[in-house]
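For reference, the structure discussed in these notes is given below.
None of the figures in this text is laboratory data; all of them are computed from the coordinates on show. All values reported here derive from a predicted model rather than from experimental measurement. Reconstructed Cβ throughout: ideal geometry from the backbone, glycine too, with neighbour counts over all protein chains shown.
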Amino acid sequence: MSPNLVLVIVVGVLFAAGVTLLLERNLTRVILGITMLGNGVNLLILLGGGYGGPPIVGLTPEARMSDPLTQAMILTAIVITLGMTAFLLAMAYRSWLLTGHDDVQDDVEDRRIMQRAERDEGLEDQDSPTPTPATSGPAAGREPR
């Protein structure tokens, strides 16, 4: 059985919105992104299982039965998403208590890397290389002692 086009579009929208929210620095938006991404994964697994009746032998014909493995996988994914959401909510609450906001700040090493990249980019933008002490000035022609 082929999946419904509307559900496939909903999966794509959930994935796109979830990934977009995951890239934010606000922990509340990260939590919403993980929740949306988890719901998108659940719907994708459900679409992979196909449509049909309940997986009870004798109640429905075998050809119209849905796959019980996908339903078990969705239940597992719901529990994992709930655990991740609870952990991130606790982390966001702790951050809000300590700093008054839940924004993630840059790390010291991240700042160092950004400064190094800006410095290297600034050197590439110059037209001519800067003279070094060994190639200019009064001691340029002499050999070192």
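When each of the peptides 114-122, 12-20, 35-43 is scored by how many other beta carbons lie within 10 Å of its residues on average, the order from highest to lowest is 35-43, 12-20, 114-122.
Taking one quarter of the surface of the convex hull spanned by the alpha-carbon atoms of region 5-103 gives a direction-averaged projected area of 7.1 nm². One decimal place: the segment R94-A117 gains 5.0 nm when fully extended, by the rule 0.36 nm per residue minus the C-alpha distance.
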